[in-house]
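Structure first, then comments.
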Amino acid sequence: MKIYRNLVVVLLFVMIMSFGVVFSWGPWQKDACNNEGSCKDVSNNFTVPYCVNSSVDRALDCIFPSLTNNLSSIMESSKNSAISLGDFGMRNVISQYCKDLLWNWNSGRIYYAKPNSETDSWDWQQTFDSHQSIFVYALCSSFKAEDTEDGDDMPFIEDSDYSKNFLSTVFIDDAEKIVETLKLKQKSWWKNLCDLNDDYNINDCDMSIYATEIYSAIMSDIFKIKYAQVLNVDTTEDFNSEDNVVQFMSWYFNYFKKDFNELNADYPYKQTIGVLQSNQKFYKRVLDTVKIINNSELANIALESRCPKNINMAGSDVIACALHASQWVWSTITPSFVTLIYNEILNYRVFEEYISKWIEKRSIVLEKQVDEKDVKRFLSKSLDIQWYVELQLEATKYALNWLIDFNMTYPFHIWLLLYQEIMMDFRDKHLSPIITLFYSLSEKLQNVQLPN
């Protein structure tokens, strides 16, 4: 598992490096990209990203070691913590995960990027940030608690309007309603094992299933949105198949610059247009099945901003442009989209690391309190979440590869249909009148002395 984890991190680094070239940086970027100092220092208390470039990989130094060491130190030292290891339950693990990765004041934020020499700033398209992770925000806001001492009904989200609304527009409903949407309740007799009101510590909540359902739903929505974009179906609102056909033709084959009626009348492409319209209507229905991501709202945000490359963005703007910037660059697979995918993978993996680390330490305490079989049963939870994570990462890898293939092959498929219809039109309208003459001329020019 350690080898697999390192491989994922290395792949992240390679993916980032694959989009860029060697940059010339300003003085502040050289400071951020040096090899000295802690992640907190080089990022100026996480107000700017720490650096990844051709010679420095701060990500490998800052992600897993700092986060897992932070959690381990809390669990191992009761002197420095308000609770002992024996009382450190699942609620505390999730709380620590959310505080480390999502809250503004904590130093556990995952925040690194590549410098952009053109703007003398960081490239938002290649910025990894746990504050801008759909998974982190969805997981942390899905837990609600009533009658808390401070009156806060979402204890794992920082109590500020900024934190609570940072990614709120990303979701169709309020983020905490995903429990109902994704059916995340785990019932046992009269209570929900994953409800803070029914079980304060939620130690019996199967987080391998709970977190995986959230991650899986997010990935499913993202890939539905991007698959539809290949066919120039951006949203389900104001869907007009004729306009989408013209936009698709002008996007991939920019010599088509007419409206639908002219396109349909002047060119022999009725069969191809029919296939394209049918496919677009199918993916419009696919977008109707998106569960938690507010695709229409994000498309409007991207349309208003036009997703400029030379301006740093944050929050919902980053998610919107990662999903919809392709409308202005003529490519569904953009650097910002790939970064979005790997950002979600990374934060999902970090959550698995938190749970596994907690199970490992907690089992030491349980060995002194319960039967050996119960300890083994508890340790099996770590294997469960590792298995789920590996399965989801494999599925994400295949989904991304299939999207890349679909993005490359579907326009070619339409082009072949266009070519086929052009040839058929030439055969029927222009070749038929002269083919008889060719046959007649062939018969006349035959050598009569040759036997039949």
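None of the figures in this text is laboratory data; all of them are computed from the coordinates on show. Fair warning: this is a prediction, and the values are worked out from it, not measured in the lab. All Cβ positions, even for glycine, are placed from backbone atoms using ideal geometry, and neighbour counts span all protein chains on display.
Sorted by mean Cβ packing within 10 Å, highest first, what order do the peptides 418-430, 215-227, 183-195 take?
Ranking the peptides 418-430, 215-227, 183-195 by packing returns 215-227, 183-195, 418-430.
Arranged from highest to lowest average of other beta-carbon atoms within 10 Å per residue, in what order do the peptides 392-403, 349-360 appear?
349-360, 392-403
Convex hull volume of the Cα atoms in region 175-226, per residue, in Å³?
Spelled out: Cα convex hull of region 175-226, divided by residues, is 78 Å³.
Compute the signed sum of charges (Lys and Arg +1, Asp and Glu -1) over the other residues within less than 9 Å, Cβ to Cβ, of Thr181.
Its environment carries a net charge of +1.
Debye calculation, C-alpha points only, no solvent: report log10 I(q)/I(0) for region 266-309 at q = 0.15 Å⁻¹, in the same order as the q values.
Once normalised to I(0) and log-transformed, intensities are -0.62.
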